[in-house]
Amino acid sequence: MELWLHAHIALLLDWLSLPLNGLPTVFIVSLISATLLPLASEPVVFGLIKLNPELFWPAIAVATVGNTLGGLISWGMGYGARHAVRHKLQSSADVRALKWLERLGPKACLLSWLPGVGDPLCAMAGWLQLPFWPCTLYMTIGKFLRYLSMTAALLWIFPGLA
């Protein structure tokens, strides 16, 4: 059984590492990981780049686009939730966080790359009805810098970790 499992995992990894299949996989995983669902896209991006170094920039671009679209899905969910649920915030921490987010405006979406904070941040930007296109721009910049720095660090600064 274990041999069968290892063989199938190896086949799956071989299939995903193909440039033809790897970039769509990076896109889908990056999109899903930017929603409120718990999934990490970094290992997929890094794995594809490690297996296909010539795909460095395409993988970064595809991951950025997928992750930004996932952030926009969260933004839309927050926007829709505001209209679907009309209740007041209960805790003072919630009120402080919303005031901070309102004060920063769309620029707060630069932080959408942060683990555990970024996805709810995008949803709250939608909840507050922050402007869509500026939020998109700042999300894209933040997510691009995240993938670029994370992948570059793993490849060139800490190559022994990979």
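The values are calculated or read from the model by the stated rules, or taken from the named source; none is laboratory data. Everything numeric in this text was worked out from a predicted model, so none of it was measured. Quick reminder, even Gly has a Cβ in these numbers, built from the backbone with ideal geometry, and neighbours come from all protein chains shown.
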Q: Starting from the stretch 21-43, keep only residues that are within 16 Å of L72 (Cβ to Cβ) and free of Cβ contacts under 8 Å to residues at least 40 places away in the same chain, then list their pairs with residues that are part of a loop (DSSP other than H, G, I, E, B) and not small (G, A, S) whose Cβ atoms are within a distance under 8 Å, requiring at least 6 positions of separation or different chains.
A: I32/L39; S33/L39
Q. Can you pull out the residues in the stretch 7-57 that are over 23 Å from P159 (Cβ atoms), modelled with pLDDT under 90 and not in a helix (DSSP H, G or I)?
A. L18, T35, L36, L37, P38, L39
**Q.** Qualifying positions in the stretch 112-135 - modelled with pLDDT of 90 or more and either within 11 Å of the chain's Cα centre (by Cα) or within 15 Å of A61 (Cα to Cα) (or both)
**A.** S112, C122
(Q) For the stretch 112-135, which positions are closer than 14 Å to G76 by Cβ and assigned to a loop (DSSP other than H, G, I, E, B)? (A) L128, Q129, L130, P131
Q) Which residues, counting only those in the stretch 126-135, are buried (at least 22 other Cβ atoms within 10 Å of the Cβ) and out of contact with any Pro (no Cβ under 7 Å at 6 or more places or on another chain)? A) G126
